[in-house]
Ligand SMILES: [Zn+2]
């Protein structure tokens, strides 16, 4: 399974999803179509993709820490 790190366009929340079609935000509950063919398309932005959910979780942790250390 592939885990994608996506950022909610509505609230900016980062989360991993194994879905390839639709992203649903845990924080604000909005759902949005994913756009797996383009990182910079009209869909939700995919920041990274991992094979293991643990790697995905770690990425979110690191990314969040970087954001807050600025
Ligand atoms: Zn959200």
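With neighbour counts taken as other beta-carbon atoms within 10 Å, the residues 64, 17 rank, fewest first, as 64, 17. With neighbours defined as other Cβ atoms within 10 Å of a residue's Cβ, the residues 4, 65, 27 order from fewest to most as 65, 27, 4. Considering only Cα atoms, the convex hull volume of the chain works out to 85 Å³ per residue. Multiplying the residue separation of residue 64 and residue 20 by 0.36 nm and subtracting their alpha-carbon distance yields 13.5 nm. Sequence-distant contacts, meaning Cα pairs under 8 Å at least 6 residues apart, place the relative contact order of the chain at 34 percent.
Bear in mind these aren't lab numbers, they're just calculated from the coordinates by the rules spelled out. What you see is a predicted model; the values in this text were computed from it and never measured. Cβ coordinates were reconstructed from backbone atoms using ideal geometry, including for glycine residues, and neighbour counts include every protein chain displayed.
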